[in-house]
Structure formats: C-alpha cells, structure tokens
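To keep things clear, I will list the structure first and then write my remarks on it.
Nothing in this text is a laboratory measurement; each read-out follows from the coordinates by a stated rule. As the structure is a prediction and not an experimental result, all values here were calculated from the model. Glycine also receives a Cβ, built like all others from the backbone with ideal geometry; neighbour counts cover every protein chain displayed.
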Amino acid sequence: MPLPSSSPATAAGTVALHQQLWRVAQALQGIQAGRSGTAVLEQVPSAWRPGVQALLFHVLRALGRAQALRAQLAPKPPAPAVDALLCTALALLSDSEQAPYTPFTLVNQTVEAARQHGLLRQAGFINACLRRFLREQAVLLEHTQGDVQAVYNHPSWWVDKLRRQYPRHWQAILQANNQPAPMVLRVNARHSTPAAYLQQLQAHGLQGQAVGAYGVQLAQPVPVQRLPGFAQGVVSVQDGAAQLAAPLLLEGWALPAQAQLLDACAAPGGKTAHLLEMLAPGQAQVYALEVDAQRSQRIHDTLQRLGLAAEAEVVVADAAQVARWWPRPAQRAAGASAQLDAILLDAPCSASGIVRRHPDVRWLRRSSDIAQLAQLQAQLLDALWPLLKPGGRLLYCTCSVFKEEGQWQIDAFVARNKNAECLPAPGHLLPGGMGVPDNQLGDHDGFFYALLQKAAT
C-alpha cells in the first residue's frame, strides 16, 4: 500500500523524508560497491531502519529502469553520491501507481537531501534532471522499453539465463521477483498446530491461512513481537518452501535407534530447529554445522528461543574439511567408523529463488558466480556423501531457481556416484508456486530439493 503523500515524515515518525532518501542513497551506494542489503541496513539507526528499508527495497525492485532513465537524463555518469540519489528518486518516481509519495514531494525532498549533505552545487543538477523527467516522463519511459534490464529490473544475464532454462515461465519468475513476499510462519509441532495457531492469531486481531503441514501465511506482515507465542517458541518465521526440508528428510522411513543427523551449512538454524521439532527429545543426535562463527551464534539464538538448545550440538567448521570436525569426540571414542544416518545440505547458492525477500541479490550477483557456486556445491556433496551410512539419506537443497545449482548439479552427482539413488522430491519450485500442480505451500519462494539414498552394501 502506498505511503501517505501529504507528509514527508510519515513513514518513520519524526524522520524527515529527505533524511530517509539520503540514507537510502547511501545504502544503494554500498550495495553497488558489493555489500549486502543486510550489511548496509545495519548502519542505519534502528529507529529509522523500517522506513529506510521499505524505500530501499522499492528502489532495488525498480533500479534497472531508474538506471536507464538516468542514462538518458545524464549520459555522463555523475559522482557516485549524486548518481545514487538521482537513481533513488527515479526509481520511486518511475511507476506512478506504486510511487510512495507525490512527485512534487519526492523531487523537493531529494533536492533537500542533496543540500543538507554538502551537495549544494549538484542540487540544481538533480532538480533539473527530475523536473525534466516529470515533463517528459512518457517519452523517456518509452525509450527504456528496448532495454531488457530496464523492463525486468534484473541484470540482462539473469534474464537470459531464465529465458533459456524456463522458456514457459521466465517472465512470470521475473514478475514474481519484483513483488514483496508474504510473511510465513512455521508452527512448532511440539507446541501447537496451524489450525490452533490461526485461532490464536484471530484472537490478537491477525489473519492468515494454513499452508503446507506446518505453516501459516499471514494476510499482512507484522513485527515478530506481535505474534502470540513467538518469544516462547510457538512459531518461527520460515517460508513455505523452506518448510519442506525437515519433512522430506525425516518422513517416510524409520530412523534407527540413536540416529545421527547432520545439518550442514546450518545458519541461521531454522531447518535444524524444524528437524528437532519433528523428533522426540533424545530420539537422535543432531549436529548443526556452520563455517562462520558469527553466523553460528544465530543458530544458538534460534535454538535457545525454541527451547531446543540442549538437543543439538553446534559445530563451527567448514563442511568440506571433513577431517577437521568428524568424527566428533564421542564418535571417535566409539570408533572412527561411526557414520551419519541422515544429512541435510542446504548448500550456499546464488539465492536466486529468494530475490523478492532480498532484492539486493540480483544486483550483487555476477554471471560468473553461478559456476563458482556450483563448484562449491559439488565439493560439499562429494565431501559429505562418504559420511552417510548405507541406506542413509541426504537431502540436497538450495534457494535457487538456476538449474546449475539444482537439477543439473544432482544429475552430475548421481552420474559419478553409482551408489546414489534419487527418491521422490519436488525438484525446482518456482517463486509464487507457479508450475506446481495443486500447490499447497502458499505463495512460496523459489527452491530446489533432491533426496538421495545411499545403496545398501
């Protein structure tokens, strides 16, 4: 819903719009320099962050068009700070139906942002460019229609890849990527059910619908502090597609007694927690592996909130460097042959399936990244597969729609591992649920799943 246009301070209380616009432009500069949206937003004062994030996400979803418009208005790129501020304004102005403020307010406050932050000479240039855009808007927008990056607000290489890999769905994928994602919750099976939790939501004035076996999709996003039972571990925020991981790995077979499970690349801990929620206390030993010590703290925090901290061992190590973390001391004492019954590998990937939640990703990725990530995924699969017992299962997943990180990756793995059998799994799930017959997961992200079983020997 567009923000009120009458007051440039409405979006963040007493924070003037020109202050927000300046922060958005600074964040955009950071992203264009290679920093993640999460990192740049952490530099924004917490009281300002919601309003700045909302505007930044709007800008990132329209950045391709904004850059094409700026190139027409100023063929010689201005200084980075000026360029970022100008592109910020053009992104917010380029779609009149989605514009969060009136054109006059946006132009006025963008120029004020320049003046307030030492760009006095450039303020006139920014004013002239934006007023020309308003005068010639229809013609200028028409001239961008031949620019693939402007039309779809994704890098041209990204568009070309989707067009080749999904000839029937590529445009729908791009359109879905430019829409905000819904807020979806996973109901902790140890505490409640989706049906019961929906009643709790209604009692608190919130609406939603059940999705999948464990999920609730909210009608409108809300701060987690407003969710009944969140602090007590009744629910967690997790997309419907991501909620498939634990059931795919655990359901449909009987875990042996004293089973050992590994969640590789586990941060921030949502899938580890879901595994534990589905298991009885003490049913299995669960290891949560994460290479980044700072990110591993998020696993601890997640498990602590859910009351599951005592049921998993968090290990800080590189999953590909197996000898450095396996076997664990207890397994070493029992004999080095001890192996794992099940492995969940949520592998590092391009995040091309969650662009609507992280609109910075499309502008951070480079075409060459995909091959490098696919190589890393193959290394992880090859490193972890020998740890699996005969008859054990490995679930490979990525939040990517690119086939190099999904189906093609698994096809290559099975070709070089004759003891790997593919069990039924969804394969590629496209954002929004398109192409999925009888979709029960709601408006979910893009994902890929393959379930492998090691042949008994």
Kindly provide the pair-distance distribution of segment 188-297 built from C-alpha pairs, with 5 Å bins from 0 and whole-percent values in order of increasing distance. 2, 10, 20, 21, 18, 14, 9, 4, 1
Rounded to the nearest whole Å³, what is the per residue volume of the convex hull around the Cα atoms of segment 343-404? 79 Å³
Quick note, segment 274-334: a/c under 1.5 would make it rounded; otherwise a/b > b/c is prolate and the rest oblate (a ≥ b ≥ c, C-alpha gyration tensor); here it is oblate
Quick check: net charge around Tyr197, other residues with Cβ under 14 Å of its Cβ, Lys/Arg +1 and Asp/Glu -1? +2
Taking only the alpha-carbon positions of segment 10-152 and ignoring solvent, what does the Debye formula give for the base-10 log of I(q)/I(0) at q = 0.12, 0.16, 0.18 Å⁻¹? -0.43, -0.78, -1.01
Taking the highest mean first, how do the peptides 375-387, 196-208 order by number of other beta carbon atoms within 10 angstrom per residue? 375-387, 196-208
Using amide H atoms built 1.01 Å from N in the peptide plane, name the residues 5+ places from Gly391, or on other chains, whose amide H lies under 5 Å from its own. Lys454, Ala455, Ala456
Would you mind getting the Kirkwood hydrodynamic radius of segment 333-457 from its Cα pairs, rounded to one decimal in Å? 15.5 Å
Students often forget the sequence filter, so: which aspartates and glutamates lie under 17 Å Cα-Cα from Lys161 once same-chain residues fewer than 8 apart are removed? Asp147, Asp369, Glu404, Glu405
Show log10 I(q)/I(0) for the chain at q = 0.06, 0.10 Å⁻¹, two decimals, from a solvent-free Debye sum over equal Cα scatterers. -0.30, -0.79
Charge dipole (the chain, unit charges on Cβ, about Cα centre) - positive-most of Leu119, Gln260, Gln32: Leu119
Isotropically averaged projected area of segment 261-364, using the convex hull of Cα atoms (one quarter of hull area), nm²: 7.6 nm²
Rounded to the angstrom and largest first, Cα extents along the principal axes for segment 41-123 equal 36, 31, 24
Decide, for segment 244-454, between rounded, prolate and oblate: order the square roots of the alpha carbon gyration tensor eigenvalues as a ≥ b ≥ c, take rounded if a/c falls under 1.5, and otherwise choose prolate if a/b is larger than b/c, else oblate. rounded
Given H placed 1.01 Å from N in the peptide plane, which residues other than close sequence neighbours of His444 have an amide H under 5 Å from its amide H? Gly432, Gly433
Shape verdict for segment 378-451, please, from the Cα gyration tensor: rounded (a/c under 1.5), prolate (a/b greater than b/c) or oblate. prolate
Quotient of C-alpha Rg and 2.2 N^0.38 Å, computed over segment 214-279: 1.27
Apply the Kirkwood formula to segment 91-220: the hydrodynamic radius equals the inverse of the mean of 1/r over all pairs of different alpha-carbon atoms; give it in Å with one decimal. 19.1 Å
Can you pull the semi-axes for segment 184-237, root of five times each eigenvalue of the Cα gyration tensor, sorted largest first, whole Å? 14, 13, 10
In whole Å, how far is the Cα centre of segment 255-330 from that of segment 377-397? 16 Å
What fraction of the DSSP beta bridges in the chain is antiparallel, stated in percent and rounded to the nearest 5? 55 percent
